[in-house]
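Report on one structure; see the data block that follows.
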Amino acid sequence: MIKKLNIILLVLLFCSSCSQPKKSEEKAETISNDTKSQSDYLGYLRVDLDKVMLYSDTINIFNLDKSLYAGIKGDTLKVAGNKYNLMEDRRDTLRKHVSSYSFDPQYKIFILECEGAVDDFYRVRMNGVFKLISMRNKYAKFENLEDFVLSSMPDLSKVTPLRSEPNDTASIVDGYDEFYYLPSKLQRDWLFLECDKEYNDCPKEKESGWVKWRDSTGVIIRLAQTY
């Protein structure tokens, strides 16, 4: 099946880059992370907006002084006493208050760059500054760079084509751009992909391949979070 004309949300992966609230229900539980170093929390934080909305549950975002900056409960974002609907309000309106690595509530996507930990909070980048999200919140999942790449969807291109073997001189899989591929495993700078049979009728010769995802300059592949 030829690649569908779907909206592809592309996010360009650049490596660079969590408040003691006044209300008791907003207070995060404490955990010990004495055995973890700052480098153990360099990567990305995925917020499971799908389940937050489904179960009408809550995730809070705090300032560095641990005062509450914003909260999401169900499909409602509350900032400074103002409420916004994640599904009905305009994307640009929402992003004035929540701007992160990738934030698109329509597709249940909320990803932040994580640059360490403060006490029992992830230290994340949002709105160009640092904020805090509790490590105890079950909807916040930390991923290091490699895990993040494996949980994303690579956008293959002429610069990063699908090859038959994990080396720069291996043959390019003909017609790879007509299919969707999902990550399966990492081998150093190479990512092994398998054709997504849920979306494609995958010919045997196009079922899998390798793509180079980084080089000496850093990450070189584009990543998508949904088809």
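Please treat every number below as a calculation from the coordinates, not as lab data. Just so we're clear, the structure is a prediction, and the values are computed from it rather than from any experiment. We place every Cβ from the backbone using ideal geometry, glycine too, and count neighbours over all the protein chains shown.
Ordering 105-115, 190-200 by mean Cβ neighbour count within 10 Å, with the highest value first, yields 105-115, 190-200. Proximity of backbone amide H atoms, modeled 1.01 Å from N, is registered between Glu194 and Leu182, Ser184 at under 5 Å, excluding neighbours fewer than 5 places apart on the same chain. For the range 96-112, putting each phi into the Karplus relation 6.51 cos²θ - 1.76 cosθ + 1.60 with θ = phi - 60° gives couplings of 5, 9, 10, 10, 9, 3, 8, 9, 8, x, 4, 9, 6, 9, 8, 10, 10 Hz, in residue order, rounded to whole numbers and with x for Gly and Pro.
Which peptide among 204-215, 72-83 comes first, and what is the full order, when sorted by highest mean count of other Cβ atoms within 10 Å? If you can, show how the numbers build up before the last one.
Details: 204-215: 17.2, 72-83: 14.4.
Output ranking for 204-215, 72-83: 204-215, 72-83.
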